[in-house]
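The values are calculated or read from the model by the stated rules, or taken from the named source; none is laboratory data. Note that the coordinates shown come from a computational prediction; the quantities given were computed from them, not determined experimentally. Positions of Cβ are backbone-derived with ideal geometry, glycine not excepted, and every protein chain shown enters the neighbour counts. The area values use the complete protein model at the heavy-atom level, side chains included, leaving out ligands, DNA and RNA. Shrake-Rupley method; radii C 1.70, N 1.55, O 1.52, S 1.80 Å.
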Amino acid sequence: MRNKKQRELVPLADILDEFEKTDPQQQEKTDQVESGNIWAEPQLYLLPFCVPQDKMADRFRSIKITEAVKVKDQMKHRSFMVNPHPELGLPGSFELEVMTGIYKLADQYIVKNGSVPEFIELGTFRGFLESIGRPGNGKYVGMLKEALKRLAATLCISEGFFYSKPRDLYVMESFTFISSVEIAGETDFSGITYDRTRLKLHEFIRENLNSNFRTLIDFDYVRSLKTSIAKPLALHLAYRILKNNKSVWEADYSWVAERLAIKVYSEEWRAKDQLKAALVELKDTGFLDSWEWLGGGRIRFVAGSRLIQKHQERVIAKDAWLNYQKAEPDKLIRLFKDAKQTEQMKIDYDPLAPLCAEYALRGWDSVKEKAKQKGLTENMLEEEAGKRGHKKSS
């Protein structure tokens, strides 16, 4: 799309520099994250996990994306695959909202206790649904129960795509967003009926959150979008357009479509028709200033005022994902250069090592809450510390 009256674009770096020079009281207000923003682990928003599904058949297909990375004049490949549950299928737009609501609960734990525990209490179905802007009626309660099962059953297989912050490596294994879920009112195979709903985030997700590896999601805006493709597209553009401090991003249509997990059309007129409604909505809501099809299957996106404003908020809030973006190229090179070393790091990774060292240095009272979250008593932690050569300070 071309604007009839083309405006002169101000470099984004200049906008951010000016923003950081504003009145300190104004910055203090910005530091207070708006209620519509949610801190979340970003990677499953940028990979084809919760995908637009226009047809029932789309729910039951496997998704795979591959990417070539040039390392010392050699092309290396990494991949990410999503396998649907055979009966429930892939997560969609509603699961994206549920996933974000779960991240909101996780952030509340971090604010209150300093970390995300092994189990997250969902609370009442009605209360959770209202927290994501949905009615707490029977229809949505049923949808929520199914969504939790779908998020727990959809298998992701990462070969060098998903980054683990505490391990400082790209993982090469399979995982789910939720590793365990107990739904109030349902009975397990041993005959126990659950009296509350709680879930476990996969350790990769939980560890990244506890390592402050997270980003701000403009949830109120994403939820307000009516076009299913606009929701994941907005999340991608929020990252891609501003990644290099520029307000413009050009990309191959096929690359974008694959990451949104939508059908890739070879005819440009079909591709334009496929994305038109989403792009119009993003422009009408101020997220995009404009877009343009450049020919050869490429699109140019230009950031709108809302996207730039939200990026400013992320900068002021010291969004850890922004720092990761700067380091990503070096980490990608390491993925292939040090493949054997990173595999050994994965094997050697000891999640209890930091806790044991802290216990030995500071004593039980300082780590009691963290230990309880891992199901450890003082005697058990003392034993684990001893195995690692730590002796408690007198």
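Is the C-alpha gyration tensor of the range 162-309 telling us rounded, prolate or oblate? Criteria: a/c under 1.5 is rounded; beyond that, a/b larger than b/c is prolate, otherwise oblate.
Because a/c hits 1.5 or more and a/b exceeds b/c, the range 162-309 counts as prolate.
Heavy atoms only, probe 1.4 Å: what % of the accessible area of the range 229-305 goes to carbon and sulfur, would you let me know?
Reported share for carbon and sulfur atoms: 46 percent.
Any chance you could look up the accessible area of VAL264 with a 1.4 Å probe, heavy atoms only, rounded to 10 Å²?
70 Å²
Could you state the accessible area per residue of the range 42-166 in Å², with a 1.4 Å probe and every protein chain left in place?
That works out to 44 Å² for each residue.
Roughly how far apart, in whole Å, are the Cα centres of the range 152-166 and the range 244-300?
26 Å
Fully extended, how many nm does the chain gain between ALA184 and ASN379 (0.36 nm per residue separation, minus their Cα-Cα distance)?
66.9 nm
For a label point 7 Å from the Cα of ASN83 along Cα→C-beta, name the residues of the range 156-195 whose backbone N is under 18 Å from it.
Counting only backbone N, you get 156-162, 172-180.
How long is the gain from VAL315 to ARG298 if the chain were fully straight, where each residue apart is worth 0.36 nm and the alpha carbon distance is subtracted? All intermediate terms of the calculation are to be shown ahead of the outcome.
On the way: separation 17, 0.36 × 17 = 6.12 nm, distance 2.91 nm.
Between VAL315 and ARG298, full extension yields an extra 3.2 nm.
Past 24 Å, Cα to Cα: identify those pairs from LYS139/LYS263; LYS112/LYS139; LYS104/LYS149; LYS231/LYS310, in the order given.
Among LYS139/LYS263; LYS112/LYS139; LYS104/LYS149; LYS231/LYS310, the Cα-Cα distance tops 24 Å for LYS139/LYS263; LYS112/LYS139.
Just grab the label-to-label distance for LYS246 and LYS64, each label 7 Å out from Cα along the Cβ direction, in nm (one decimal).
3.2 nm
Run the accessible area of the range 137-210 with a 1.4 Å probe and give the carbon-and-sulfur part as a rounded percent.
In the range 137-210, the share of accessible area belonging to carbon and sulfur is 47 percent.
Specify whether the C-alpha gyration tensor of the range 119-177 places it in the rounded, prolate or oblate class, a ≥ b ≥ c being the square roots of the eigenvalues: rounded for a/c under 1.5, otherwise prolate if a/b is larger than b/c and oblate if not.
Because a/c hits 1.5 or more and a/b exceeds b/c, the range 119-177 counts as prolate.
Listed here are the pairs LYS76/LYS372; LYS226/LYS318; LYS165/LYS272; which of them are more than 32 Å apart at the Cα?
Check vs 32 Å cut-off fails for LYS76/LYS372; LYS165/LYS272.
Return the loop-located chymotrypsin sites (Phe, Trp or Tyr not before Pro) in the range 125-190 (DSSP other than H, G, I, E, B) with at most 15 other Cβ atoms within 10 Å of their own Cβ; answer none if there are none.
Details: sites: PHE125, PHE128, TYR140, PHE161, PHE162, TYR163, TYR170, PHE175, PHE177, PHE189; in loops: PHE177, PHE189.
Sites meeting the loop and neighbour criteria: PHE189.
Compute, for the range 158-284, the length of the dipole vector about the Cα centre, with Cβ point charges of +1 (Lys, Arg) and -1 (Asp, Glu) only. Units Debye, rounded to 20.
That gives a dipole near 400 debye.
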